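Derivation of every value follows stated rules applied to the coordinates shown; laboratory data play no part. It should be emphasised that the depicted structure is a prediction, and the values quoted were computed from it without experimental measurement. Neighbour counts are summed over all protein chains in view; Cβ atoms, including those assigned to glycine, are modelled from backbone coordinates with ideal geometry.
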Amino acid sequence: MNYISTRGAGIGERHTFSGILLGGLAKDGGLYLPAEYPRVPANELARWRTLSYADLAFEVLSKFSDDIPADDLRALTRRTYKADVYCNVRDSESAAQITPLKPLGVESGAQLSLLELSNGPTLAFKDMAMQLLGNLFEYTLGTTGQTLNILGATSGDTGSAAEYAMRGKKGIRVFMLSPHRKMSAFQTAQMYSLQDPNIFNIAVDGVFDDCQDIVKAVSNDHAFKANYKIGTVNSINWARVVAQVVYYFKGYFAATKSNDERVSFTVPSGNFGNVCAGHIARMMGLPIEKLVVATNENDVLDEFFTSGIYRVRGSAETYHTSSPSMDISKASNFERFVFDLLGRDPKRVLQLFRDVEEQGGFDLAASGDFARVREFGFVSGSSTHADRVEAIRDVHRRYDTMIDTHTADGLKVAREHLQAGIPMIVLETAQPLKFGETIREALAREPERPAAFAGLEALPQRFEVLPADVQQVKDFIAANVRD
């Protein structure tokens, strides 16, 4: 397995899974992808159907990480995906499944289900990849004797998932940027209440895209990155994306009886990382009918998939919504899909994303490339606060199930793309507790709270407020890195 950049640098070079694990962006500013996607033949897909989540994760990851000894990789996945780590469910049987499938009901002739991805330590789907990433980082650093300073950006769930996965890990520090006062109270408390000495929270006076831009700017300063051993856990990190591929296979197996069947997935989307994993699963041969991209009022991705126009928004045009983890107007993983859409032409990708930086976007509608979107199974839709509230009420009334605001966005859009006879799986993103204000508005009751999170918001918080300034973030990192 060799990895290449979406923008073409390093053609002819050898890039291994372990080699790109700690870095994030390629040296030309592009994103890493396999030189070709591994295909899963029918007999192998049939064998995978019987596996536990941990062993399925081993099989999927081994397709992409042939430089890690098989016994070591299997030990890593089994240590990561254990029932006592993913225990925030009502019964032990569901915990053992790691990502249990919850059928809701048949609507428009299609079985509608939720794939529960939020049973990890921070109650969000980001745990599914981040817990593995923490173990992979520690394993890789342990074999080389290196240290790593992780710089990340979060609009809510990524930060807490990363910090819980990395806290106490030997040789690792985390510097996490988040938009000041733009996350839910629970999300904020999950991050800022951590007192571990290797965790640093930076509240940026701006929006999430400012945080993300700072991470990219630091990553593109190759001298600073090398001197301070900067790595990333944001969804641009390839290992995070490929770890998410696993639950598409697991969800498919749970929703079908044979590999002759097809299913559709709806994915609440902001940074495009979660649904990009679905695209990769489909390229590997998983029988996916549709990949439905669900956005909130920040509908950059919906605009592209309905018109061919990709137009990023500035801070003034980025809405602060009740599904804040999707308040993103520059989808950092979208470049990976565009690379495949354009027939893996790095020169065109480089020019298009220069256009994003210089002109604010690009238009593929006139070139003929946009027509290929349907070949990849993508459709989309958007949701509003009123839609979210209504979806939360409806699912609770009809199916006695409480969902969070982002999953509500997904459910609303999923219902617009149902096909009779094709199961529709909505990827659940978080537990309702993380968005109590909207749950109270919709249901006039408090969301359920696991005992481990009692009194979280009242704990002391530790964070630093900084302006949206790259140099000040660099200075803060430099001041807090001590070998």
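Here are the numbers for this structure:
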| item | result |
| --- | --- |
| Local net charge near Ala26, Cβ-Cβ under 14 Å (Lys/Arg +1, Asp/Glu -1) | +3 |
| Charge dipole (debye, nearest 20) of the chain; +1 at Cβ of Lys and Arg, -1 at Cβ of Asp and Glu | 820 |
| Pairwise label distance in nanometres, Ala226 with Lys27, each label 7 Å out on the Cα-Cβ vector | 0.8 |
| Positive-end residue of Ser380, Met326, Pro69, charge dipole of the chain with Cβ unit charges | Pro69 |
| Order of Leu61, Leu411, Leu350 under a 10 Å beta carbon neighbour criterion, fewest first | Leu350, Leu61, Leu411 |
| Two-site FRET efficiency, Asp55 against Thr256, from Cβ-Cβ distance with R₀ of 25 Å, rounded to 0.05 | 0.85 |
| Cα gyration tensor shape for the stretch 336-483, rounded if a/c is under 1.5, else prolate or oblate | oblate |
| Local electrostatic count at Val40 - Lys and Arg +1, Asp and Glu -1, tallied over other residues with Cβ under 14 Å | +3 |
| Fewest-first ranking of Tyr192, Tyr247, Tyr86, using other Cβ atoms within 10 Å as the exposure measure | Tyr192, Tyr86, Tyr247 |
| Share of Cα-Cα pairs in the chain lying beyond 37 Å, as whole percent | 20 |
| Cβ-derived FRET efficiency at R0 25 Å, Val85 paired with Asn43, nearest 0.05 | 0.20 |
| Positive minus negative residues near Gln419 (Lys, Arg vs Asp, Glu; Cβ under 10 Å) | +1 |
| At least 20 Å along the helix axis (C-alpha) and Kyte average at least 0.0, DSSP helices within the chain | 126-144, 238-255 |
| Segment Ile422-Arg167, length gained on full extension (0.36 nm per residue, minus Cα span) | 87.6 nm |
| Length released on extending from Gln351 to Val481, taking residue separation times 0.36 nm less the Cα-Cα span | 43.2 nm |
| Longest to shortest principal axis, alpha-carbon extents of the stretch 15-86, angstrom | 41, 32, 22 |
| Cβ-derived FRET efficiency at R0 25 Å, Leu456 paired with Asp400, nearest 0.05 | 0.45 |
| Cβ crowding within 10 Å averaged over residues, with 398-404, 95-101, 335-341, 157-163 ranked highest first | 157-163, 335-341, 95-101, 398-404 |
| Distance in nm between pseudo-label sites at Asp205 and Asp71 (7 Å out along the Cβ direction from Cα) | 5.6 |
| Cβ charges +1 (Lys, Arg) and -1 (Asp, Glu), total dipole of the stretch 42-93, debye | 160 |
